[in-house]
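The values are calculated or read from the model by the stated rules, or taken from the named source; none is laboratory data. Nothing here was measured: the structure is a model prediction, and the numbers come from that model. Cβ placement follows ideal geometry from the backbone for every residue including glycine, while neighbour counts extend to all protein chains displayed. For accessibility, only protein heavy atoms count, side chains too; no ligands or nucleic acids. Shrake-Rupley method; radii C 1.70, N 1.55, O 1.52, S 1.80 Å.
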Amino acid sequence: MLVLVDLDDTLCNTWDAGKYTLLRLIPFLLRRRKFKSFFYIITARYRELEQSREFHMMDLDKIVEKLLGKVYAKITPEEFEEIMDLVDRVFFSNLKLYPDALPFLQGLKEMGAKIVLITDSSSYWQRKKLEYLGIKDYFDALIISGETGHSKLDPHNFRLARSMFPHEEEIYMVGDRDDTDMRGGKDIGATTILVKRGYFKGRRPKHADYIVNDLLEALEVIKNEHEKRAKA
């Protein structure tokens with residue numbers, strides 16, 4: 001059995017931590033009279049970056065730099081360093097595993113599953129999260145867009161995960177985003193399980209075989225599917 005698992009908003013509360021960070025960043029920007037960046041944030045114009053492949057492979061500092069660059073022609077290194085110090089400190093003080101994440105991963109291990117993390121963003125940023133959250137050792141392989149040069153908007157990383165374990169015929173994809181996780185999973189013939197939480201929970205899915213509220217439900221789906229296959 002091969003289970004591909006997303007990280008952000010599937011195993012940990014990345015969007016919530018990001019929201020807290022934005023809320024802390026707003027008064028900081030207002031005190032420094034950065035009014036244009038304030039309006040950029042409150043009008044959620046950052047959503048225009050969702051479909052950018054480059055965005056899905058960038059470090060946090062590069063993302064912030066890109067966002068600020070859309071608003072200001074130039075920002076001083078001192079201002080940028082001060083902003084990044086605040087962003088890093090607030091983000092990681094609010095980043096947490098979901099309560100069902102460890103039982104989910106442990107349950108998969110008890111089933112003998114090979115678990116592959118397949119995640120977007122830079123190598124440094126995602127590996128820092130894994131170390132901070134203490135879950136790196138649960139995975140048999142890590143596929144990070146910043147390392148492969150491909151985001152989950154295309155099927156490359158899903159096919160790479162499949163090629164790492166060619167003898168595993170029973171494949172599952174568990175994630176929170178339909179147009180990346182679920183679509184990529186379908187490309188390699190996986191049973192796709194969408195967890196409805198995080199930034200994308202309000203989107204209508206097109207590629208999910210199952211829609212669940214949490215990872216414990218996802219684990220039950222996998223167990224039931226596995227039993228059905230064993231009996232077939």
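Things to note:
- Residue in segment 193-210 that is closer than 20 Å to ASP16 by Cβ, in a loop (DSSP other than H, G, I, E, B) and among the hydroxyl-bearing types (Ser, Thr, Tyr) present: yes
- Total residues in segment 211-223 satisfying the condition of being open to solvent by 80 Å² or more (accessible area, probe 1.4 Å) and part of a helix (DSSP H, G or I): the figure is 2.
- Residue among THR10, THR21 that is part of a loop (DSSP other than H, G, I, E, B) and modelled with pLDDT of 75 or more: THR10
- Scan of segment 116-163 for residues that are in contact with a Leu (Cβ under 6 Å, 6 or more places away or on another chain), surrounded by fewer than 19 Cβ atoms within 10 Å (Cβ to Cβ) and outside any helix (DSSP H, G or I), ordered by number: PHE139, LEU142
- Count of segment 169-179 residues which are outside any strand (DSSP E or B) and crowded, with 24+ Cβ neighbours inside 10 Å: 2
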